[in-house]
1. List pairs: first in segment 279-300 and touching a residue at least 40 places away in the same chain (Cβ under 8 Å), second among the β-branched types (Val, Ile, Thr), Cβ under 8 Å, 6+ apart or cross-chain?
2. Could you grab the pairs with beta carbons closer than 8 Å, sequence gap of 6+ or different chains, first residue in segment 319-335 and over 21 Å from Arg359 (Cβ atoms), second one among the basic types (Lys, Arg)?
3. Among residues belonging to segment 20-56 that are basic (Lys, Arg) and in contact with an Asp or Glu (Cβ under 9 Å, 6 or more places away or on another chain), point out the one that is surrounded by the most Cβ atoms within 10 Å (Cβ to Cβ).
4. Going by the structure shown, is Ile269 under 25 Å from the mean Cα position of the chain (by Cα), buried (at least 16 other Cβ atoms within 10 Å of the Cβ) and in the same structural domain as Ile292 (by TED's automatic domain parsing)?
5. Run Glu277 past the list (1) touching a helix residue (DSSP H, G or I) at 6+ places or on another chain (Cβ under 6 Å); (2) assigned to a loop (DSSP other than H, G, I, E, B); (3) of a type in the set (Asp, Glu) and report the number of the one that doesn't hold.
6. Quick one: which residue in Gly17, Gly11, Gly63 is touching a helix residue (DSSP H, G or I) at 6+ places or on another chain (Cβ under 9 Å), surrounded by 21 or more Cβ atoms within 10 Å (Cβ to Cβ), in a loop (DSSP other than H, G, I, E, B) and assigned by TED's automatic domain parsing to the domain that holds Lys105?
7. Filter segment 104-126 down to the residues that are touching a Phe, Trp or Tyr at 6+ places or on another chain (Cβ under 9 Å), surrounded by fewer than 23 Cβ atoms within 10 Å (Cβ to Cβ) and over 24 Å from Arg359 (Cα atoms) and list them by number.
8. Does segment 28-51 contain at least one residue that is in a strand (DSSP E or B) and under 17 Å from the mean Cα position of the chain (by Cα)?
Amino acid sequence: MRSYYEFFAGGGMARAGLGQEWTCLFANDIDAKKGASYAANWGDEHLKVADVAALKTKDLPGGADLAWASFPCQDLSLAGAGAGLSGERSGTFWPFWRLIQKLGKEGRAPSLVVLENVCGALSSHNGKDFATIGAAVAGGKYRFGALVIDAVRFVPQSRPRLFVVCVREGLSIPEGLAADRPDPAWHPLHLTNAYQKLSLRSKAAWTWWRLPIPARRTATFSDLIEDEPQGVAWHTVEETRYLLSLMSLINRKKVQQAKKTGLRMVGGIYKRTRKDEEGKRVQRAEVRFDDISGCLRTPVGGSSRQSIIIVEGKSVRSRLLSPREATRLMGLPDSYKLSQNYNEAYHLAGDGVVVPVVRFLAANILEPLLAAAKTHAKEAA
């Protein structure tokens, strides 16, 4: 049985993705509301709600095969204030990493570490933040490599995320897991550009991880939409009309084209600030009818919550995305227990990692790495 620590755990989406063949030894999040959702779904036996900076190695039982850390993205996001790794939120990477280093001194360093964040981490401070992470990982006796995985391959949500997979020095990497060059499917240009800015030591510790192309996704955005939504109400005619009034000519044409199909068309809407024809900043409602949801966000810091619009002939209805629809877009089952508070449930989803992405990464990199390590240990015994 494989074991792990789950840092910045949120509602336990990494745990859901790893699955029952993995044992959680410890889970941590600073947010009490997220902790309540975690406990409601997974129990609180291994959960500690606290600032990661307050944790001690004695809080972490045993020795885990993996430490998963989806550390806060706000300061690394392109939409953030640009504080980077020195920011109050994304800077929590440092106490987490110090904890991993202390475990190493105790002979309990995890064999694997996975860091998950927004792709803005690659370009934050012109690549210096990613280079700093690389230097910390390489200096901490880990080899590493990064991948960009868009959840749209697995769920109908456009959600590209950065995954840095780190392997403790001394563990062999099976030949089939590493490549001698980047693969554009997983190593896009902004990642290879970030790699070029790494130090020589970090480049020497780098691995181009190899992943297969997953089976084609079958679920669509409209498949996940509830006919009778829970936790949200349909907009009034006036509210829908106002939402349409916020659309540019191009977006209003999309709605008109959806009407002409005569089919049930489900679109996702986000409100954004754009410049109008006179250069003034105005609020706009932007819609997409490609049967893919926009990237879920947390409803804080000025980010809008996603609305949906359903067009059936001349009928046009709109409302906020429901909490259950949001968790479906994250790959969570309908059995997952949600807070009755809309913002809490939506925040939990928008701040999480997509479950089938975790499963894909575990099946194709993490589990083969650990299997090879255990085989090597038996042969050496």
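The values are calculated or read from the model by the stated rules, or taken from the named source; none is laboratory data. These figures come from a predicted structure and were not determined experimentally. We place every Cβ from the backbone using ideal geometry, glycine too, and count neighbours over all the protein chains shown.
1. Within 8 Å, the pairs are Ala285/Ile269; Val287/Val255; Val287/Ile269; Val287/Ile309; Asp291/Thr220; Asp291/Val266; Ile292/Val152; Ile292/Thr220.
2. Final answer for the pair search is Leu320/Arg305; Leu321/Arg305.
3. Lys34
4. yes
5. Tallying (1) touching a helix residue (DSSP H, G or I) at 6+ places or on another chain (Cβ under 6 Å); (2) assigned to a loop (DSSP other than H, G, I, E, B); (3) of a type in the set (Asp, Glu), Glu277 fails exactly one: (1).
6. From the options Gly17, Gly11, Gly63, the qualifying one is Gly11.
7. Passing the criteria: only Ser123.
8. yes
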